[in-house]
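The values are calculated or read from the model by the stated rules, or taken from the named source; none is laboratory data. None of these values were measured; they are calculated from a predicted model. Cβ placement follows ideal geometry from the backbone for every residue including glycine, while neighbour counts extend to all protein chains displayed.
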Amino acid sequence: MELTPIEMQRPACERARADLGRLVETALVPEQGSALREHLDGCPECEREYRESLRVTAHIARERRLGREAAERAQRRAERLRLARSPRSQRSLSLVVRTLVLPGLLIFLLTRMSNSEVEARARAVVGEYTLGVRRMDMQDLPQPLRRGDWVVTDSNSAASLTLGARNEVLVERGSKVCVEDRGLGRLLFDSGALVVRGRRTVTTRVGVVELEHGELRISGGGQSVVIELRHGSCVVADALGERRLAPGERVRLGG
């Protein structure tokens, strides 16, 4: 009985998936890693599983980093409380709470309530861009974005994505990006170049980029992506692990 193309590919997929964990941990020798990346280029299902493994690794690293930062904040807070136990310090602290903390907390709560539903829209900046299967130009009103929407520009067009009040993404000429999660502000970068501002998470085929604030540019595509942090704070996670970029730093992920 002849095997179907899917059945013929299954052993290769099984070997590739067995090696995905070692690729993420960079435990493969160069020859094995190169063969696995060639398989990922031709197998969308294994490539999706590899991308999900990268995302999980980045999430675990991020949670560990946040845990360390929380522990450091708790230690500093305990030290401040220890210094504030004198009667004079307690009176001063009470005044600060009444005059600064309570109004600030009220403003924070009102802001969170107003931003609970993130508004996501796309508009043309130059020429025409494609939203799903529709062609949009500069005469069209900003179009609402939904999860899974693809925004594609050609060599003569550019588009702008707005997610929230101050979070903007410029999709440069010849680029392709997908709205992975509108509520969490996650984008899936395929190719071309993006200029990202505000707080945003961008997933690529070779790693995850988390912009905490500021502005960065992502360019390239496939197995090679260049990240340039123009200003602000950014963390990238790929097969080599997690690292924080300094303003002005430029790194390449993948090949």
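Of the residues that make up region 210-222, is at least one among the β-branched types (Val, Ile, Thr) and modelled with pLDDT under 95?
no
Please report, ordered by residue number, the helices (runs of 4 or more DSSP H) entirely within region 27-100 with at least 1 residues that are modelled with pLDDT of 75 or more.
Ranges flagged: 30-42, 44-83.
Taking the stated definitions as given, is LEU163 more than 21 Å from VAL251 (Cβ to Cβ) and in contact (Cβ under 8 Å) with a residue 40 or more places away in the chain?
yes
Would you point out the residue of region 196-216, among those that are small (Gly, Ala, Ser) and outside any loop (DSSP other than H, G, I, E, B), that is surrounded by the fewest Cβ atoms within 10 Å (Cβ to Cβ)?
Per the stated criteria, the residue is GLY214.
Only one of SER191, SER155 is surrounded by fewer than 18 Cβ atoms within 10 Å (Cβ to Cβ), in contact with a Gly (Cβ under 9 Å, 6 or more places away or on another chain) and free of Cβ contacts under 8 Å to residues at least 24 places away in the same chain. Can you tell me which?
SER155
Output the qualifying pairs, or none if there are none: Cβ atoms under 7 angstrom, residues six or more apart or on different chains, first residue in region 130-141 and closer than 10 Å to VAL152 by Cα, second residue among the polar types (S, T, N, Q).
LEU131/GLN143
In region 174-188, what count of residues is obtained for those that are part of a loop (DSSP other than H, G, I, E, B), crowded, with 17+ Cβ neighbours inside 10 Å and in contact with an Asp or Glu (Cβ under 7 Å, 6 or more places away or on another chain)?
Selection size over region 174-188: 0.
If you scan region 217-255, which residues turn out to be surrounded by 15 or more Cβ atoms within 10 Å (Cβ to Cβ) and of a type in the set (Lys, Arg)?
ARG217, ARG230, listed by residue number.
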